[in-house]
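Written below as structure tokens is the structure these notes are about.
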Amino acid sequence: MFNVLDSGEQDCVFGEVAKDSDLTVAVLSDAEPTDAQAAAVFKILADCAPDAFAQALSQDDPAAAEVFGDLSQEELSCVADALVENPALLSGDEEALGLLVFDCAPDVAANLFATELGVETEQARWLIDELGGIEELIALSETTSEDAEVISRVFAAFEACGIDVTTLG
């Protein structure tokens with residue numbers, strides 16, 4: 001992974017890794033790093049080589065690469081900080097990592113949701129807020145219930161946000 005970095009990025013990454021002897025040993029080792037070690041390296045990459053960090057997160061998934069590639073330095077740092085705080089996310093499910101990205105970059109969620117529904121990004125952002133956040137929205141979308149209260153709540157949110165449900169994509 002370090003071969004794709006330019007010389008300035010390599011110097012920054014290696015200088016930061018060298019500050020932690022355990023991390024240095026882990027990076028130089030042929031052994032698989034622990035989630036905590038990988039998270040620490042990701043944090044360093046986010047600070048020194050954000051493009052490489054975004055590429056590493058995407059794991060050769062073109063759709064993920066597009067999402068991670070559009071994140072700002074601040075958003076990437078937020079993701080890296082959250083991974084350091086909870087390294088188990090690296091070996092957890094993809095949905096948890098996705099929610100982390102949405103927490104750090106709420107505009108990403110709004111853009112993806114807007115595209116899916118065929119509405120404006122601002123309307124999608126408003127709808128997400130109206131329904132209680134992205135986690136709640138995902139939970140509602142996975143509901144197979146015919147619960148009148150849930151349906152009523154969703155329709156009320158669409159109406160409040162000025163979205164005509166008959167024109168959704």
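Is there a residue in the range 73-83 that is in contact (Cβ under 8 Å) with a residue 40 or more places away in the chain and within 13 Å of the chain's Cα centre (by Cα)? Yes: one or more hits.
Every residue, every condition in (1) surrounded by fewer than 18 Cβ atoms within 10 Å (Cβ to Cβ); (2) in contact with a Lys or Arg (Cβ under 9 Å, 6 or more places away or on another chain); (3) part of a helix (DSSP H, G or I), yes or no:
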{"residue": "Val27", "(1), (2), (3)": "no, no, yes"}
{"residue": "Ala31", "(1), (2), (3)": "yes, no, no"}
{"residue": "Ala39", "(1), (2), (3)": "no, no, yes"}
{"residue": "Phe42", "(1), (2), (3)": "no, no, yes"}
{"residue": "Ala52", "(1), (2), (3)": "no, no, yes"}
{"residue": "Gln55", "(1), (2), (3)": "no, no, yes"}
{"residue": "Glu66", "(1), (2), (3)": "yes, no, yes"}
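In the range 70-110, the residue that is most open to solvent (accessible area, probe 1.4 Å) out of those that are closer than 23 Å to Ala124 by Cβ, among the acidic types (Asp, Glu) and modelled with pLDDT under 85 is Glu94. Residues in the range 148-169 that are in a helix (DSSP H, G or I) and either among the aliphatic types (A, V, I, L, M) or open to solvent by less than 60 Å² (accessible area, probe 1.4 Å) (or both): Ala148, Val150, Ile151, Val154, Ala156, Ala157, Phe158, Ala160, Val165.
The residue of the range 1-25 that is surrounded by the most Cβ atoms within 10 Å (Cβ to Cβ), among those that are out of contact with any helix residue (DSSP H, G or I) (no Cβ under 7 Å at 6 or more places or on another chain) and of a type in the set (A, V, I, L, M, F, W, C), is Phe14. Among the residues of the range 13-31, are any within 23 Å of the chain's Cα centre (by Cα), touching a residue at least 24 places away in the same chain (Cβ under 8 Å) and at negative phi? For the range 13-31, residues within 23 Å of the chain's Cα centre (by Cα), touching a residue at least 24 places away in the same chain (Cβ under 8 Å) and at negative phi: present.
The values are calculated or read from the model by the stated rules, or taken from the named source; none is laboratory data. Note that the coordinates shown come from a computational prediction; the quantities given were computed from them, not determined experimentally. Don't worry about glycine lacking a Cβ; one is built from the backbone with ideal geometry, like all the others, and counts go over all protein chains shown. What goes into the accessible areas is simple: the full protein's heavy atoms, side chains included, and nothing from ligands, DNA or RNA. Shrake-Rupley method; radii C 1.70, N 1.55, O 1.52, S 1.80 Å.
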